[in-house]
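Engineer: Just passing along the structure, written as structure tokens.
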Amino acid sequence: MSVRQIMGTVMLTSAQIAKAKLFTPYIERDHRHEHDDCIRIAYEWLDAQTKTKGIVQQTRPLKHIIQKWGGRYVSQSDVEVAAHMHPDIIGTYPRYNISARLVQPRETRLAGISEAKTQDYTMRKPELTYTSKEA
């Protein structure tokens, strides 16, 4: 049983995020962040994905998928920080050790993230065709 199953959502603190921003190995030199909640949204989405033993070579527009799920703009840099912070994620954007069969996380994962669902992003049928619902 995971910590999440016992305690519910574990919210990343602003101090943890600030420290991670300093130590994340960004792919692009120009990294931008609008709000710490964007990193929290990316972290929750990554956390819901099925992890694999190795890095999957298939590339997908992860930031776009994440921002549609979270209802808020998420930058590539936000995803990179979230992946760097996650203890079970390895790899570099956009190739991480997550299954090719993506999971659509429960919306309850966004509870407590004030910036979630504040912009007009919604999952549409094309995005949902290669995802499964989180159990």
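Engineer: Evaluate the distance, in nm, between pseudo-label points positioned 7 Å from the Cα of residue 32 and of residue 106 along their respective Cα→Cβ axes.
Structural biologist: Once both label points are built, they end up 3.5 nm from each other.
Engineer: Just tell me which aspartates and glutamates come within less than 18 Å, Cα to Cα, of residue 117; anything on the same chain fewer than 8 places away is out.
Structural biologist: 34, 36, 37, 44, 78, 107, 127
Engineer: With unit charges on the beta carbon (Lys/Arg positive, Asp/Glu negative), name the residue among 59, 45, 33 whose Cα is farthest towards the positive pole of the charge dipole of region 30-74.
Structural biologist: 59
Engineer: For the ranges 99-109, 16-26, 43-53, 66-76, what's the packing order if you count other beta-carbon atoms within 10 Å of each residue, average per peptide, and put the highest first?
Structural biologist: Output ranking for 99-109, 16-26, 43-53, 66-76: 66-76, 43-53, 99-109, 16-26.
Engineer: When Lys and Arg each count +1 and Asp and Glu each count -1, what net charge do the other residues less than 11 Å away from residue 114, Cβ to Cβ, add up to?
Structural biologist: Within the 11 Å Cβ shell, the charges total 0.
Any read-out appearing in this document is the output of simple, stated calculations on the displayed coordinates, not a laboratory observation. Just so we're clear, the structure is a prediction, and the values are computed from it rather than from any experiment. FYI the Cβ positions are ideal-geometry reconstructions off the backbone, even for glycines, and counts take in every protein chain you see.
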